[in-house]
Structure formats: structure tokens, C-alpha cells
Amino acid sequence: MKFINIGFGNMVSVSRIVTIVSPDSAPIKRLITDTRDKNELIDATCGRRTRSVIIMDSGHIVLSAIQPETVANRLKGEESLAEEESYLYEQ
């Protein structure tokens, strides 16, 4: 199971991520409010401004204080690392 850092030492499972979005639009704000009411919201911002919203396959929403692009780059980096490792083991 692979994990990525979403800021301040908090990690999420790569295989459980559905999407990563910005919290600026009204539908995402509404989704955050609804999820908070259902007690399925995980706030990993450590008191900072929410910059990305990570939607998990379990229906949980994770709030992060780092940009969505940064989280996506970390995901991409994990995939590249896994591809390199599998290539090395095939040789």
C-alpha cells in the first residue's frame, strides 16, 4: 500500500484517492459542508487555509493545506518511482 504526504506529516493511501480538487467552487463547498454534517470529513490542514480537497473512495473528504497540483505531482512521483523499481527488478 502506497501513501503520499498531504502536508504536516499527514498521509493518505494512493489507492483510495478518487480525485483532488480545489475548494473554491460552490458545489465543492457544499460537499464539504454535507460531509462535515455526516462526520466523514477529515481536516488535515492543521489550522491553515484549505487549498485542496481530496475525495476518497470511501466517501470521506480530506482537506489539505497544500495545492492540488503539489498533491498531483507527489502522486505522479510515486508512480514514476514504482515504474522505475519494477523496471529495475525486471532486468
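Here the gap between Ile42 and Asn5, fully extended at 0.36 nm per residue and compared with their Cα-Cα distance, gives a gain of 11.9 nm. Positive contributions from Lys and Arg (+1) and negative ones from Asp and Glu (-1), summed over other residues with Cβ under 15 Å from the Cβ of Ser64, come out at +2.
For the set Thr45, Thr19, solvent exposure ranked by accessible area (probe 1.4 Å, protein chains only) runs largest to smallest as Thr19, Thr45. Of all lysines in the structure, the ones whose alpha carbon falls short of 23 Å from that of Lys76, not counting any fewer than 8 places away in one chain, are Lys2.
Share of pairwise Cα-Cα distances greater than 20 Å in the stretch 10-68 is 13 percent (whole percent).
The order of the peptides 62-69, 30-37 by mean Cβ neighbours within 10 Å, most packed first, is 62-69, 30-37.
The values are calculated or read from the model by the stated rules, or taken from the named source; none is laboratory data. Everything numeric here is computed off the predicted structure, so don't read it as measured data. For neighbour counting, all protein chains shown are included, and Cβ atoms are generated from backbone atoms with ideal geometry for every residue, glycine included. The accessibility values were calculated without ligands, DNA or RNA, using every heavy atom of the protein model including side chains. Shrake-Rupley method; radii C 1.70, N 1.55, O 1.52, S 1.80 Å.
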